[in-house]
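What follows is a short report on a single structure.
Nothing in this text is a laboratory measurement; each read-out follows from the coordinates by a stated rule. Bear in mind the structure is a predicted one, so any value in this text is a computation, not a measurement. So basically every Cβ, Gly included, is an ideal-geometry build from the backbone, and we count neighbours across all protein chains shown.
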Amino acid sequence: MDMQMNFIRKLPTPKELKERFPLSEEVIRIKEERDEIIKNIFEGKDEHFMLIIGPCSADNETAVLDYMNRLAKVQEQVKDKIFIVPRVYTNKPRTKGVGYKGMLHQPNPEGEEDMLAGIIAIREMHTRVVRETGFTCAEEMLYPENHRYLSDILSYVALGARSVEDQQHRIVASGVGIPVGMKNPTGGDISVMMNSIAAAQSAQKFLYRGWEVTTNGNPLAHAILRGYVDAYGRSHSNYHYEDLMGLIENYEKYKLANPAVIVDCNHANSGKKYLEQIRIAKDVIHSTHVSGDIKNIVKGLMIESYIEDGCQNIGDGVYGKSITDPCLGWEKSEKLILELADIL
């Protein structure tokens with residue numbers, strides 16, 4: 001019996017989509033400049049503190065661009081100390097595999113799934129962000145084969161807690177040419193994350209989009225600590241001083257290039273209590289003041305932030321309010337960024 005899949009239509013290849021929606025010389029230049037700065041941050045040659053901040057899911061182009069334009073004004077105020085890489089996450093993992101899976105699947109959250117409209121919508125939105133704000137963005141690599149639709153425009157990629165154990169994600173991360181953050185798995189086993197970083201930093205040969213490909217390895221693959229959930233469903237944090245010191249020991253044991261960590265202030269670190277992100281962000285920076293080793297390894301923070309506090313159900317219609325995880329609203333986000341710049 002053949003596979004029980006209905007093949008709807010053949011989608012354009014990434015090459016075809018890029019030719020149809022090309023980047024301007026200006027956008028290409030912005031990406032090159034920003035990629036160099038980010039590379040230097042991870043290699044310890046640039047003292048800027050990275051802030052990967054933005055909506056849990058980029059669900060609405062108008063609201064996302066509004067948020068990004070506000071963020072660009074704050075970036076200007078803190079540019080001496082903080083380098084902002086906005087989150088523009090257009091594909092969302094679902095624990096049960098159902099529900100809103102991001103703009104890639106549903107350009108309109110209240111409409112039908114449409115993957116062709118989705119790949120066009122996400123490319124257009126990412127391009128608009130660069131064009132209008134000068135930001136190049138961070139995205140989650142949920143589907144490794146889809147990464148190439150945006151590979152010429154992204155500056156940072158994260159592997160989620162569920163993807164980090166997957167062989168394909170790890171080896172594709174070895175060839176993306178930009179920093180890849182590997183989250184610790186939902187169960188919290190740090191060795192799984194370290195093995196994932198090791199795999200991504202290694203040269204690989206594999207099958208990708210119908211091609212046999214090789215990579216040289218990605219020396220900018222690194223850790224993201226996001227907290228974890230125990231066997232009883234309780235959230236536990238892993239951003240504290242002791243956790244960061246433990247991660248340094250792991251890096252020494254694994255002998256990996258460019259030891260680095262981004263601390264995710266939401267998810268299990270906050271127990272999804274989005275207001276806790278403010279306290280957690282400051283706590284991590286305090287740890288960097290206490291220990292030079294921690295200061296060297298902590299390259300930045302990840303914060304979920306949007307225009308309105310909290311979250312809503314799809315169809316509630318509140319402008320700029322998350323339809324996935326609860327986010328820090330704009331006023332609190334702006335205040336936090338300015339406070340972080342003061343205490344760095």
Q) Near the amide H of GLU140, under 5 Å away, which other amide H atoms are found, from residues 5 or more places off or on another chain, if H is placed in the peptide plane? A) THR90, ASN91, ALA158
Q: Obtain the nm distance between the two label points defined at LEU344 and TYR232 by a simple spin-label model: each point lies 7 Å from its Cα along the Cα-to-C-beta direction.
A: 4.0
Q) Around MET50, which amide H atoms from residues at least 5 apart in sequence, or from another chain, sit under 5 Å from its own amide H, with H modelled in the peptide plane? A) PHE83, GLY300, LEU301
Q: Starting from the Cα-Cα distance between LYS10 and ALA203, subtract it from 0.36 nm times their residue separation and give me the gain in nm to one decimal.
A: 66.4 nm
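May I ask you to derive the FRET efficiency for TYR241 and ASN313 from their Cβ-Cβ distance with R0 = 56 Å, giving the value to the nearest 0.05?
On the way: r = 38 Å, r/R0 = 0.68.
E(calc), rounded to 0.05, equals 0.90.
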Q. Under 5 Å between amide H atoms, partner at least 5 residues away or on a different chain: which partners does CYS327 have, H built in plane at 1.01 Å?
A. GLY310, CYS311, SER322
Q: Evaluate the distance, in nm, between pseudo-label points positioned 7 Å from the Cα of GLU47 and of LYS282 along their respective Cα→Cβ axes.
A: 2.4
Q | Residue-wise HN-Hα coupling along the stretch 35-41, computed from phi with Karplus coefficients 6.51, -1.76, 1.60 (Hz; x: Gly, Pro) | A | 4, 5, 4, 5, 4, 5, 4
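So if each residue of separation counts as 0.36 nm, and I subtract the Cα-Cα distance between MET115 and TYR254, what length gain in nm does that give? Write down the numbers at each step before the final one.
Details: separation 139, 0.36 × 139 = 50.04 nm, distance 3.98 nm.
Full extension of this stretch gives 46.1 nm more.
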Q | Residue range of the chain that is longest and free of GluC sites (Glu not before Pro) which are both DSSP loop and sparsely packed (at most 15 other C-beta within 10 Å) | A | 114-344
Q. Pick from PHE42, PHE21, PHE83: which is most flexible by mean-square fluctuation in a GNM of the chain where alpha carbon atoms under 10 Å apart are linked?
A. PHE21
Q.
Just want the ordering: LEU159, LEU275, from fewest to most Cβ atoms lying within 10 Å of their own Cβ.
A. LEU275, LEU159
Q. So which trypsin sites (Lys or Arg not before Pro) in the stretch 141-177 pass both tests, a DSSP loop state and at most 16 other Cβ atoms within 10 Å of the Cβ?
A. ARG162
Q. Out of the DSSP beta bridges found with both residues in the chain, what percent are antiparallel (nearest 5)?
A. 20
Q) Which whole-number percent of Cα pairs in the stretch 216-323 have a distance greater than 19 Å? A) 52
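Roughly speaking, what is the stretch gain from VAL192 to GLU19, that is 0.36 nm per residue apart minus the C-alpha to C-alpha distance, in nm to one decimal? The partial results should precede the final answer.
On the way: separation 173, 0.36 × 173 = 62.28 nm, distance 3.82 nm.
58.5 nm is the gain from fully extending VAL192 to GLU19.
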Q: Report, ordered by chain and residue number, the lysines lying within cross-link reach of LYS253, taken as a straight Cα distance under 29 Å and ignoring same-chain residues fewer than 8 apart.
A: LYS39, LYS45, LYS183, LYS205, LYS282, LYS295, LYS299
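Would you mind counting up the charge near ASP152? Only other residues with Cβ under 10 Å from its Cβ, with Lys and Arg at +1 and Asp and Glu at -1. Don't skip to the end; give the middle numbers.
On the way: positive: LYS18, LYS31, ARG123, ARG148; negative: none.
Net of charged neighbours comes to +4.
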Q | Nitroxide proxy distance, nm - points 7 Å out along Cα→Cβ at VAL98 and GLN77 | A | 4.4
(Q) Of TYR319, GLN204, ILE297, which is farthest towards the positive pole of the stretch 14-343's charge dipole, taken about the Cα centre with +1 and -1 on the beta-carbons of Lys, Arg and Asp, Glu respectively? (A) GLN204
Q.
Only bridges whose two residues both fall in the stretch 222-344 count here: according to DSSP, what percent of them are antiparallel, nearest 5?
A. 25
Q | Filtered trypsin sites (Lys or Arg not before Pro), the stretch 49-138: DSSP coil and at most 10 other beta carbons within 10 Å | A | LYS96
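Is it possible to state the helix-based mean residue ellipticity at 222 nm for the chain, with each DSSP H run of 4+ residues giving -39500 (n - 2.57), the sum divided by total residues, to the nearest 500 deg cm²/dmol? What is it? Write down the numbers at each step before the final one.
Values: 11 runs with 134 residues, N = 344.
That calculation yields -12000 deg cm²/dmol at 222 nm.
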